[in-house]
Amino acid sequence: MNQLSTEKRAAVVAALVEGNSLRGTARLTGVSRMTIEKLLRDLGTACVAYHDAHVRGLKSQRIQCDEIWSFIGAKAKNVPEQKRGEWGDCWTWTAIDADSKLIVSYSIGPRNAAVAYDFMRDVASRLTNRIQLTTDNFRLYLNAVDYAFGMDVDYAMLEKHYGAYVTSGSAAHRYTPAKITGVKAATITGSPDRKHVSTSYVERQNLTMRMHMRRFTRLTNGFSKKIENHAHSVALHFMYYNFCKIHQSLRVTPAMEAGLTTCPWDLQDLVALLDRSEVHGQSA
């Protein structure tokens, strides 16, 4: 079977990380959709392995965590009986370094205690020193953070209050977020610095995800139909965001700011992860 050249693979990845769907990428690059899907699966797997092995030993000071909603196949209320357990709501949990803007950890799954515990334990395992942690007021974080960090964290929870939601017939109004009327910060553990109790950076990352991944765009038919492809797309996005994308305010990539690399990766460097994984697989 013919294999795509590195340049062609890079062209496919360039289209995917800029928010194009699989079919849109096929039209732009002239590569078949099934070939693109296989490339996404293989590269997504390689991105997960690289992130797990190399985004470690971080000297972060401030971490913010949040969850962003999406769905597989259909929203939970619309899932047909034969697809229950396969389709439905899906949450992406993210932890960002507020200074380097590096995505420290991410997890995909339901919004439940088991995922919260695994996610916070993974965050803690990648850090080398005591941090200040901020989350929203989702109650499952309380036990999960205690389980992962114990008393070795300065942890605050940010509770936002919203104005009353007034319904109208327009779609624009339906998808307009309610206005924030107040914010309350609660110290949970340690002595967090009040001026750094914020979730602004991780919430801004939610917008970046929706802009760079078609699967997260609202009101389109580009949503994920398989959880596996959804996970591969998220892994590719975060690898691109951490190592390739120059952050506008930092003027370097998050990985450079965090000391994980000395120069920005280009898309061919990202695609080269496939060759690394293939060599590793042959030697295993």
*of a type outside the set (F, W, Y), modelled with pLDDT of 75 or more and out of contact with any Ser or Thr (no Cβ under 7 Å at 6 or more places or on another chain), is that true of R174?*
no
*Which residue pairs have Cβ atoms closer than 7 Å, lie 6 or more positions apart in sequence or on different chains, and pair a first residue in the stretch 91-103 that is under 19 Å from V197 (Cβ atoms) with a second residue that is among the polar types (S, T, N, Q) and open to solvent by 10 Å² or more (accessible area, probe 1.4 Å)?*
D99/Q61
*If we only count helices (runs of 4 or more DSSP H) wholly inside the stretch 193-284, which ones have 2 or more residues that are farther than 15 Å from S100 by Cβ and within 15 Å of the chain's Cα centre (by Cα)?*
200-212, 227-243
_Let me spell it out: the conditions are (1) more than 19 Å from V271 (Cα to Cα); (2) at pLDDT 95 or above; (3) of a type in the set (A, V, I, L, M, F, W, C); (4) loosely packed, with under 14 Cβ neighbours inside 10 Å, and I246 meets all of them except one. Which number is the exception?_
(1)
*Just a yes or no: is a residue in the stretch 127-148 more than 26 Å from V252 (Cα to Cα), in contact (Cβ under 8 Å) with a residue 60 or more places away in the chain and assigned to a helix (DSSP H, G or I)?*
yes
_All but one of (1) out of contact with any Lys or Arg (no Cβ under 8 Å at 6 or more places or on another chain); (2) open to solvent by 10 Å² or more (accessible area, probe 1.4 Å); (3) outside any strand (DSSP E or B); (4) at pLDDT 95 or above hold for N2; state the number of the condition that does not hold._
(4)
*asked:* Name the single residue that is nearest to D52 (Cα to Cα) among those in the stretch 125-147 being surrounded by fewer than 22 Cβ atoms within 10 Å (Cβ to Cβ) and out of contact with any strand residue (DSSP E or B) (no Cβ under 8 Å at 6 or more places or on another chain).
replied: S125
*Conditions (1) in contact with a Phe, Trp or Tyr (Cβ under 8 Å, 6 or more places away or on another chain); (2) surrounded by 16 or more Cβ atoms within 10 Å (Cβ to Cβ); (3) in contact (Cβ under 8 Å) with a residue 12 or more places away in the chain; number of the one not met by L16*: (1)
*Could you tell me which numbered condition L267 fails, if it satisfies all but one of (1) surrounded by 13 or more Cβ atoms within 10 Å (Cβ to Cβ); (2) within 15 Å of V55 (Cα to Cα)?*
(2)
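Suppose we keep only residues that are of a type in the set (A, V, I, L, M) and modelled with pLDDT under 70 within the stretch 177-192. Which one would you say is most open to solvent (accessible area, probe 1.4 Å)? Don't jump to the end; show me each part of the working.
Narrowing the stretch 177-192 to residues of a type in the set (A, V, I, L, M): 178, 180, 183, 185-186, 188.
In the following step, the residues that additionally are modelled with pLDDT under 70 were identified as 178, 180.
Values: A178: 37, I180: 90 Å².
Looking at the filtered set, the residue picked out is I180.
Answer with yes or no whether R121 is open to solvent by 60 Å² or more (accessible area, probe 1.4 Å) and modelled with pLDDT of 95 or more.
It is true that R121 is open to solvent by 60 Å² or more (accessible area, probe 1.4 Å) and modelled with pLDDT of 95 or more.
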*From the list G163, G169, pick out the single residue that is surrounded by fewer than 16 Cβ atoms within 10 Å (Cβ to Cβ), modelled with pLDDT under 85, more than 23 Å from L142 (Cβ to Cβ) and in contact with a Ser or Thr (Cβ under 6 Å, 6 or more places away or on another chain).*
G163
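The values are calculated or read from the model by the stated rules, or taken from the named source; none is laboratory data. It should be emphasised that the depicted structure is a prediction, and the values quoted were computed from it without experimental measurement. All Cβ positions, glycine included, derive from the backbone under ideal geometry; neighbour counts span all protein chains shown. The area values use the complete protein model at the heavy-atom level, side chains included, leaving out ligands, DNA and RNA. Shrake-Rupley method; radii C 1.70, N 1.55, O 1.52, S 1.80 Å.
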